[in-house]
Amino acid sequence: NDIEFILSYYYNMDEYARFSSSVGKYVGYTEYGVKNAERWNKDASYLAALRAQKETYCKNHIDAY
């Protein structure tokens, strides 16, 4: 339960959007990021695939770290 999958997007070293498995959706930090987050959050199958990354990627690699 202490594991979190985070997928961040950067442009010119500034984070503009992030997906967090604890939130379960994208959050935008700039005007551009908010617009993209709204678009990405509308795709339920894409969000479900990202939520599954915690199980498929993070939990399978925890023993290695």
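The values are calculated or read from the model by the stated rules, or taken from the named source; none is laboratory data. Bear in mind that the values here come from a model prediction, so they are computed numbers and not experimental data. Every residue, glycine among them, receives a Cβ derived from its backbone with ideal geometry; neighbour counts consider all protein chains shown. Please note that ligands, DNA and RNA were not included when accessible areas were found on the heavy atoms of the full protein model with its side chains. Shrake-Rupley method; radii C 1.70, N 1.55, O 1.52, S 1.80 Å.
Quick notes on this structure:
- Anchor residue 54: lysines whose Cα lies under 24 Å away (excluding residues fewer than 8 positions away in-chain): 25, 42
- Helical content of the chain, expressed as a calculated mean residue ellipticity at 222 nm, amounts to -9500 deg cm²/dmol (DSSP H runs of 4 or more residues, -39,500 (n - 2.57) each, divided by residue number, nearest 500).
- Length gained when the stretch residue 52-residue 11 is fully extended (0.36 nm per residue, less Cα-Cα span): 12.2 nm
- Net charge of Cβ neighbours under 13 Å - reference residue 41; Lys, Arg +1; Asp, Glu -1: +4
- FRET efficiency for the residue 35 to residue 62 pair, using the beta carbon distance and R₀ = 35 Å, is estimated at 0.50.
- Residues listed by number, segment 37-62, amide nitrogen under 16 Å from residue 25 label point at 7 Å toward C-beta: 37-51
- Residues whose amide H comes within less than 5 Å of that of residue 16, counting only those at least five positions distant or on another chain, are 9, 10, 11 (H built at 1.01 Å from N in the peptide plane).
- Helix 44-53 axis, angle to the chain major axis (alpha carbon atoms, nearest 10°): 40 degrees
- Overall form of segment 6-64: oblate. Here a/c, set by the Cα gyration tensor axes a ≥ b ≥ c, is 1.5 or more, and a/b is not larger than b/c.
- Averaged per residue, segment 6-64 has 71 square angstrom of accessible surface, using a 1.4 angstrom probe with ligands and nucleic acids left out.
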